[in-house]
């Protein structure tokens, strides 16, 4: 096999063996506490659990309808079911920070919080 063929085969193999990190990745998946560092059992602290499909918090369960990376932030369109059974659509933003926290806000900046990641 010519040298170019060997090089291209190696590049192709490395490409398939390497995980692809693209725009669809959602690196904020995890459990967080709201506005307070995660310590102890957290029984007296509001917890937020984010998966690639849902956001579960004291507000209620929100289904992620779409998400889009915008620079360092994620714009997320959600459908939420509140504690009283109310349903609503909304847009929220998540911005991961270097200190392992995530800034959260709704589209109109009416509500803002800092989410502190809990150990797995």
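Where a number appears in this text, it was derived from the coordinates with a stated rule and is not lab data. Every value quoted in this text rests on a predicted model; they were computed, and no experiment measured them. Cβ: placed from backbone, ideal geometry, glycine included. Neighbour counts: every protein chain shown.
In table form, for the structure just shown:
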| read-out | value |
| --- | --- |
| Relative contact order of region 23-117, defined on C-alpha pairs under 8 angstrom at six or more residues apart (%) | 24 |
| Three-way shape label, region 23-117, alpha-carbon gyration tensor, a/c 1.5 | oblate |
| Footprinting exposure proxy for 89, 115 (fewest neighbouring C-beta atoms within 10 Å first) | 89, 115 |
| Residues 77, 116, sorted so that the one with the fewest Cβ neighbours within 10 Å comes first | 77, 116 |
| For 79, 34, order by how many other beta-carbon atoms lie within 10 Å, fewest first | 79, 34 |
| Region 77-116, relative contact order in percent, only Cα pairs under 8 angstrom and at least six apart counted | 27 |
